[in-house]
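Here's the structure, in structure tokens; my notes come after.
Here, each number is a calculation from the coordinates, and none is a lab measurement. No experiment lies behind these values; they were computed from the predicted model shown. All Cβ positions, even for glycine, are placed from backbone atoms using ideal geometry, and neighbour counts span all protein chains on display.
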Number of protein chains: 4
Amino acid sequence: MPANILGERFSITSFGESHGKCIGTIVDGCPAGLKLDESDIQPLLNLRRPGQSVITTQRKETDQVSILSGVFRGYTTGAPICLIIWNTDSDSRSYDEIKNTPRPGHSDYPAYLKYGGFADYRGSGRFSGRLTATLVMGGAVALKILSKYLNIEIISYTQAIGNIICNTDNISFDELSRKRYSNDVRCPDHEIAIKMKEDILVARKAGDSLGGIIECTTKGIPPGLGEPIFESIESELSKGLFSIPAVKGVEFGSGFIGSSLKGSQNNDIFYIEKSSGKILTLTNNSGGILGGITNGMPLKIRIAFKPAASISMSQKTVNIEKGVETDLHVKGRHDPCVVPRAPPVVDSIVGIVLLDHCIKCNLIPPVLKELHSN
Amino acid sequence: MPANILGERFSITSFGESHGKCIGTIVDGCPAGLKLDESDIQPLLNLRRPGQSVITTQRKETDQVSILSGVFRGYTTGAPICLIIWNTDSDSRSYDEIKNTPRPGHSDYPAYLKYGGFADYRGSGRFSGRLTATLVMGGAVALKILSKYLNIEIISYTQAIGNIICNTDNISFDELSRKRYSNDVRCPDHEIAIKMKEDILVARKAGDSLGGIIECTTKGIPPGLGEPIFESIESELSKGLFSIPAVKGVEFGSGFIGSSLKGSQNNDIFYIEKSSGKILTLTNNSGGILGGITNGMPLKIRIAFKPAASISMSQKTVNIEKGVETDLHVKGRHDPCVVPRAPPVVDSIVGIVLLDHCIKCNLIPPVLKELHSN
Amino acid sequence: MPANILGERFSITSFGESHGKCIGTIVDGCPAGLKLDESDIQPLLNLRRPGQSVITTQRKETDQVSILSGVFRGYTTGAPICLIIWNTDSDSRSYDEIKNTPRPGHSDYPAYLKYGGFADYRGSGRFSGRLTATLVMGGAVALKILSKYLNIEIISYTQAIGNIICNTDNISFDELSRKRYSNDVRCPDHEIAIKMKEDILVARKAGDSLGGIIECTTKGIPPGLGEPIFESIESELSKGLFSIPAVKGVEFGSGFIGSSLKGSQNNDIFYIEKSSGKILTLTNNSGGILGGITNGMPLKIRIAFKPAASISMSQKTVNIEKGVETDLHVKGRHDPCVVPRAPPVVDSIVGIVLLDHCIKCNLIPPVLKELHSN
Amino acid sequence: MPANILGERFSITSFGESHGKCIGTIVDGCPAGLKLDESDIQPLLNLRRPGQSVITTQRKETDQVSILSGVFRGYTTGAPICLIIWNTDSDSRSYDEIKNTPRPGHSDYPAYLKYGGFADYRGSGRFSGRLTATLVMGGAVALKILSKYLNIEIISYTQAIGNIICNTDNISFDELSRKRYSNDVRCPDHEIAIKMKEDILVARKAGDSLGGIIECTTKGIPPGLGEPIFESIESELSKGLFSIPAVKGVEFGSGFIGSSLKGSQNNDIFYIEKSSGKILTLTNNSGGILGGITNGMPLKIRIAFKPAASISMSQKTVNIEKGVETDLHVKGRHDPCVVPRAPPVVDSIVGIVLLDHCIKCNLIPPVLKELHSN
């Protein structure tokens, strides 16, 4: 399969570069009959786009999406949907220096070797975090279908920034959903959010950066998604999530902590919910996944983002043409912390992967019918 | 792509069930000209097979591999290689009970729903950890090619069992490689290994189980493997690693810990090694991967295994036919901790994924030539 | 995708060699709940196997299929189904000569170059027509599902042997179905069949061989299978059909003849069938496919088989080691004409491709329910 | 794999509709370092575009290609290349009528059923022959790489229009190459070309259409491309060629005629070319392919195009909303014969498929070096 694709039955193909003409996505496999226009996609893009607050990069991109194909008279046709954003504020001057002096923590050095010096290095080119907007464009389509036709909701939010951690164990899904976008850092706890923002501003002032952790949970996931072994839903989700630049760790349910527990502690006990007669588990250490298959409980995923590699402090590096060590002072406009812009990206990846598997399980018909309450 | 495949240019297709006639693997894409017989595969299988020590399950399987196709007069032909192990000690009597009473922590419940009651539930059937032997068969072929033709070595070892953690930061690759198989738990530190074994035996006696962490590192990985975004080498490796039953977390380099660091701490500084003139990094928080592409430093991966779901203690569950809650006492022969058997599996997954990408990067010729020192 | 696979949602992976230990197939994507044992597969294999009559090779292979995985208590489980045939009558003595003197019309020469001399050349190894049995094993499963759950019937038969052509235009589907296996050449017209057989026996006596044409038609194909452009149902079927060794041409509907007609002659006029109210076409020059999508009319495919390359007559060739021209007299047991053994193979390919697309169109549920009349 | 993709290592993804905003292609897998701008692609598009002569449709589309991504400072970067053509002359008025009255020979009817009435029916939408321009954009890139780095040339030309057939057996490759574009019908024989054009004009005047046959041959194809069975080079090429709307037959070498020959006639005898020492065959009935693998001889492919379904004559059809039979008089601007515009499309498909396999065989490095003589 070509390298720039995620998904099989519902898939996205990403193209474009940070400082090129545009960035874009081809959505393939979207069923015919979905009501779709740009307003279904723009809000999620807006939640990711730069320049939203003082803690994000000041690059001015409106990230206006245009639908170029696959929609006719307001409805999807079953043909591939091309979604595009024209780059408007690409200031490439500051990147000439990095051509031969790879920035620590960035893709510059391996990209130079891999592409023999031909890679577009401006603003990290193809490796830029800006490309996550191509994931969000496709994700918005997937999330609309999941929500409208299967009542599946996926929400991500900031659980940690640097050393500030938000305990989300006792916050309900609805509260998480309502509060996560109520502050700049996208954390469902307001007081913690204030501390997080302070720490980001401190790091920014120091020319430094911070990382953090995004947590993702869901509502309405049907049991049975995923396949044993190579298409375990963990395999599929992690493949997508590690596509996000800066992600260096993914865990499901009790994850790394769970590895230190005993089986009798970590196993989730089945019980029958009185009111509904449904079979549920008392705890959710499995993160909603047993044997690689969803079990009907909410997914619980934690995703570790490294601190942004772009910092303004002087760093040592190597001039690869001259073969000497040198000091590097990276200019340009950076995010001191990318985590607050990541929830729409994580939502998108999880949505695309889950929709792909819902289609494989026949849960989505080849032609969608308009529902009464839209 | 069909669900039971890992890899594109070098791939394995897994088949079989824990208590069926056999388990097997099709290796597709192995170049012609590789000297190969069963003795290239059996040693890695032996390191994974049950019944090796007092801390593994007592199921007696010799796991003898047979090559059924793709090898002619001692060399691979370029045709698919079918590798098979006949099951010999499958005692299925103890599994009748679980048909309708799903075991906590196991795939039983979602498998029942997904396959409408038709899944082979004996010994977890297709979901059994036994299926990791099919990964090892393919992995042994990949690891031989990587080692012999590219001098790439991949080693995994136990870094934690329950709460016992081995600090491996200051152990050299060669020492890790030499010591890891010198004890039953596969930990490169003998004293720590003794404590780990004790804890496993305690858990076993209690009818309980433990989890742990496998660490994987490498030698000789060329820079440039992986593709931006969806085929980042982290995406590819994590997809493979989450195929292993019981794996619930994967991190690269500084991983989750790195998310709490500052950029100035986490960025790895480039320098030029005096003796070789090579460009290296002072630290390896990236785990050998920048922008999803290998940078020539060793890979560093940590994989969290949950405690084995099979425990002998009584557990609550639900009888899904009768719709009532019930007590379950699982019989059968279990591993109190699967981690000690996991290193060959992790080596195999990492080897298969890396070889696939080496082939994509033209590092392996379509026909292999015999080397002088074999 | 690995090279030895056909299909995506329902797929087969072929392995084995003509004179190796076995030949086999992995069926992936078969829904759980299908009643399946060897007796569902053996009859179709018997119609393909060698030694059925005086006009086929005298190699004695009973081609007994064994199910090694994926079936539990008589029903498919959703796991991959491994089907295997052990080779029993492989006489490899006669093939030593061809190692360095490639047979005209065979794969020997390009296989030698492609695999650097490592290919298994015995009986054409991986390139042997014997491998079509691996397609038939998977095809039998597909055909059972199509017939039982969608009432789709696929039939192939011999339309031409050498210069003897059977006009099948006015023979009904039921008559074609009933008569095609009533004679050794698999032609639905008895008198034509007699002439065909005579010509094959004449060719055989002369140490020569004949080719021919297989026609395939169907009943019950639903409209809407296939995708525009790259997954046109013609693309998908032709990819599968050209996998059969000896096939050198494929046409749909009026095919090559149609290219000499005018649009007004070739267009199929739509009308409404009085009795059923169904929309049908008066003619079927499209072969049941418009725009790459099935239109509900029967498929009509013609497949050209070249004369078998194996002939006993002396032929000129080249000794590739010595670099000199030489005479070659191929011994061994050959089919003077492979066409009579091809109908089960064509049925199988068409069945696999159509089932794959029926699954993509949600026409087959993930779990099959047993039907009353089996 | 998503449906709108051709190729694996070098691939194209097609998007857009005949009367939508644009049509486009994503080229994935193009190695870094190829000198590329629009002038490498435009000439091949010009040979396909409408309005070139009196025998093509009078729709005025300049088909100007724009490169939107994947090229930096004149060279490919290894990132996906987005190529786009903005539609400028889409007159959709005449298509309202066909919404409910499917045109005979067109995709209208199955598209209506498949997409539940949501398909863009204007100018056949996604099924339009106009989409072949998306294949040509990708093909131009492939053909440049093949020609420049491997000296592979692929040429297609008109061999038949209706009943007028050009015998090309004794025309050399260079002459075919030189003469094929010297006339409007793209036939290498001038006198035959005049007759062909006359017949097209007669058909046009009658409101009718003609079909024909494109022949494709090559120079410089290396031996060893393709894989046994499912990735036979015939399988791969036919899959691509049947993606072209109107193609209903494909044959290689002696094809359908060959099926009536004897083995002793059809087998191609190997000999050693005195001047070069190369192993060649006296005849080329195999069309350069043995066992599904290229043997170093020129490819020879014949592709049957049905007469264009769009004719101006009155035709009977059915109103699918009202469920009654009706007369249809299709307006709009049509090609009376699409064959003269097909050679660049066939060249493109063959080029894309062959380059994909050359990459799989390591014949193209991951980074291209600029050659001296360009």
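Quick notes on this one:
- Entry note, chain A: relative contact order of 23 percent, from Cα contacts under 8 Å with a spacing of 6+ residues.
- Summary for A:LYS99: label point 7 Å along Cα→Cβ; distances to the equivalent points in the other copies, ascending, 5.6, 5.7, 7.2 nm.
- Cβ charges +1 (Lys, Arg) and -1 (Asp, Glu), total dipole of the protein assembly as shown, debye: 0
- Of all DSSP beta bridges in the stretch B:18-136, antiparallel share, percent nearest 5: 100
- Spatially, the stretch D:211-259 and the stretch C:104-159 are offset by 18 Å when compared through their Cα centroids.
- Computed about the Cα centre, the dipole magnitude for the stretch C:245-374 is approximately 120 debye when only Lys and Arg (+1) and Asp and Glu (-1) carry charge, each at its Cβ.
- Chain A residue nearest the rotation axis toward C, with distance: A:ASN362, 3 (Cβ to axis, whole Å).
- Length-normalised contact order for the stretch A:88-221 - Cα pairs under 8 Å, 6+ apart - percent: 23
- Charge dipole (the stretch D:224-374, unit charges on Cβ, about Cα centre) - positive-most of D:LEU354, D:VAL339, D:LEU225: D:VAL339
- With 23 Å as the limit on Cα-Cα distance, the pairs of A:LYS60/A:LYS331; C:LYS306/D:LYS239; C:LYS179/C:LYS369; C:LYS262/D:LYS60; C:LYS99/D:LYS239; A:LYS300/B:LYS248 that go past it are C:LYS179/C:LYS369; C:LYS262/D:LYS60; C:LYS99/D:LYS239.
- Ranked C:ARG180, A:ARG9, criterion: other C-beta atoms within 10 Å, fewest first: A:ARG9, C:ARG180
- Rounded to the nearest 10 degrees, the inclination of helix C:132-150 to the longest alpha-carbon principal axis of chain C is 10 degrees.
- FRET E, pair A:GLN64, D:GLN64, Förster distance 22 Å, beta-carbon r, rounded to 0.05: 0.40
- Of all aspartates and glutamates in the structure, the ones whose alpha carbon falls short of 15 Å from that of D:LYS205, not counting any fewer than 8 places away in one chain, are D:ASP335.
- Take each residue in B:7-16, count the other chain C-beta atoms within 10 Å of its C-beta, and the mean is 6.
- Virtual spin-label span in nm between A:LEU280 and C:ASP96, 7 Å along Cα→Cβ: 7.5
- Computed from backbone phi, the HN-Hα couplings of the stretch A:239-244 come to 4, x, 5, 6, 6, 6 Hz, rounded to whole numbers (Karplus: 6.51 cos²θ - 1.76 cosθ + 1.60, θ = phi - 60°; Gly and Pro given as x).
- Counted by Cβ distance under 12 Å from A:SER243, the other residues give a net charge of -3, where Lys and Arg count +1 and Asp and Glu count -1.
- If only the Cβ of Lys and Arg carry +1 and only the Cβ of Asp and Glu carry -1, the dipole of the stretch D:310-374 around its Cα centre is close to 60 debye.
- Taking Cα atoms only, the orientation of helix D:343-360 departs from the longest principal axis of chain D by about 50 degrees.
- Cβ-based exposure ranking for C:VAL330, A:VAL202, in which fewest neighbours within 10 Å come first: A:VAL202, C:VAL330
- Net +/- balance of residues flanking A:GLY253 in space, Cβ distance below 10 Å, scoring K and R +1, D and E -1: +1
- Other-copy label distances relative to B:LYS322, 7 angstrom Cα-Cβ extension, nm: 6.6, 8.1, 8.2
- The residues D:LYS205, D:LYS179, when put in order of fewest to most other Cβ atoms within 10 Å, stand as D:LYS205, D:LYS179.
- Selected from A:VAL330, A:GLY288, A:PHE270, residue furthest toward positive end of dipole (the stretch A:261-374; charges at beta carbon): A:PHE270
- Gaussian network model of chain A, Cα within-10 Å springs - most flexible of A:GLU231, A:GLU251, A:GLU273: A:GLU273
- Amide H contacts of B:SER312 (H built 1.01 Å from N, under 5 Å, at least 5 apart or other chain): B:ASP208
- Neighbours of B:LEU355 by Cβ distance under 14 Å: Lys/Arg scored +1, Asp/Glu scored -1, total -2.
- Computed [θ] at 222 nm, helices only, for chain D once each DSSP H run of length n ≥ 4 contributes -39500 (n - 2.57): -7000 deg cm²/dmol
- Applying the Karplus relation 6.51 cos²θ - 1.76 cosθ + 1.60 with θ = phi - 60° to the stretch D:112-126 yields 3J(HN,Hα) values of 4, 5, 5, 9, x, x, 8, 4, 6, 8, 5, x, 6, x, 6 Hz, where x marks Gly and Pro.
- Choice from C:GLU153, C:GLU325, C:GLU236 with maximal GNM fluctuation in chain C (Cα, 10 Å cutoff): C:GLU325
- Other-copy label distances relative to A:SER66, 7 angstrom Cα-Cβ extension, nm: 0.6, 6.4, 6.4
- FRET efficiency estimate (nearest 0.05) - Cβ-Cβ, B:VAL54 to D:LYS21, R0 41 angstrom: 0.05
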